[in-house]
1. Please give the helix 335-351 orientation as an angle from the longest Cα principal axis of the chain, in degrees from 0 to 90, rounded to the nearest 10.
2. Tell me the angle of helix 284-295 to the major Cα principal axis of the chain, expressed in degrees between 0 and 90 and rounded to the nearest ten.
3. Can you give the Rg and Dmax of segment 226-356 based on its C-alpha atoms, in angstrom?
4. For all pairs of alpha-carbon atoms in segment 155-204, what percent lies in each bin of width 10 Å, listed from the first bin to the last filled one?
5. If every alpha-carbon in the chain counts as one equal scatterer, what log10 I(q)/I(0) does Debye give at q = 0.11, 0.12, 0.16 1/Å?
6. In percent, what relative contact order does the chain have, based on Cα pairs under 8 Å that are 6 or more apart in sequence?
7. Quick one: go through segment 84-116 and flag any residue whose amide nitrogen is under 18 Å from the point 7 Å out along the Cα-to-Cβ line of residue 195.
8. Among 326, 236, 315, determine the one that fluctuates most according to a GNM of the chain built with springs between C-alpha atoms less than 10 Å apart.
Ligand SMILES: NC(=O)c1ccc[n+]([C@@H]2O[C@H](COP(=O)([O-])OP(=O)(O)OC[C@H]3O[C@@H](n4cnc5c(N)ncnc54)[C@H](O)[C@@H]3O)[C@@H](O)[C@H]2O)c1
């Protein structure tokens, strides 16, 4: 029997990478997406170009134009396909956008995840279910860790976090944003379906997931949007923390590669912090310098004194649990490689109108 995968959010950064990764390994690939990113962020967030790319690259790819909030629609697809693996990557992904659209945010992130889980329990309960969660489930609690100010970045002063933030970090009693709260609800549900119903589920709590196929916008997709501004000569706004706030960046291909490991050897109700780790971390100031060295163009930016509400000052993932459970997996794409790929992609998109 052929192997099959169902990917929600298949037009997006992670979804599309996962489709290509598993499609290239002999899976029948089904995608669910309704281009909701264009509704959340306007035309700049449109992901149809990525859907066309999948349809060209994977002749057997089947797109399902379904909204994950549509319970019956979702169940219909899962019942028809009975996938051997589900990757749930559809979401309202922005911290800042959520406050303006609280119902759409919660219905998509929390209720949409419940719709997927319940459909999976009814029709393919033994198939691994991988959920894209976020480091925002920790709220702003990481900001309570003592920090040292270095010339271009903040750094943890507490040696307990020398490797980054572990999965045991508290998710409780901190400021999450509505996005963080809706994703935390989803994360809890995914764990519960693992423990209560004994299903092979896992939550991947993403740091900055990125790559050349992100439709970066100001409110989501930091490196992609920064590269877009650089390539197009637009001003980039730096919000607070002196531009020294630290993010860990992971290429979407390294994310898909971890999912493959989990598929091969699934576990129950697992949680992993999935980012670039310390080696792939950078501050905004450092990212701008890297961007300039790759593109050869000066980065135009404006500093805004107010930080984004609840924004992490320093966050990078402790990758040791992932590596211990799946020793065959490691980060393959370094930060300079990632930035080069993203800059090249925006340069190509700038010369190809309309986007294809
Ligand atoms: N990119 C990051 O830096 C990052 C960081 C942490 C966590 N995550 C999580 O990873 C997942 C994927 O993120 P991404 O960067 O690929 O986002 P993305 O916005 O590029 O992709 C998400 C896709 O889901 C689709 N979608 C949204 N709402 C939908 C709905 N109601 N029904 C059907 N489709 C819908 C969108 O159209 C989009 O194509 C999300 O769960 C996000 O929260 C991403």
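1. Once rounded, one gets 80 degrees.
2. It works out to around 90 degrees.
3. So, for segment 226-356, Rg and Dmax equal 17.0, 48 Å respectively.
4. Once binned at 10 Å, the Cα pair distances of segment 155-204 give 21, 38, 32, 8, 0.
5. Treating every Cα as an identical point scatterer, log10 I(q)/I(0) equals -0.69, -0.83, -1.57.
6. Once normalised by length, the contact order is 19 percent.
7. Under 18 Å, as judged by backbone N against the label point of residue 195, lie 114 of segment 84-116.
8. 326
Taken together, the values in this text are just the output of simple stated rules run on the coordinates, not laboratory data. This is a predicted model, so every value here is computed, not measured. Cβ coordinates were reconstructed from backbone atoms using ideal geometry, including for glycine residues, and neighbour counts include every protein chain displayed.
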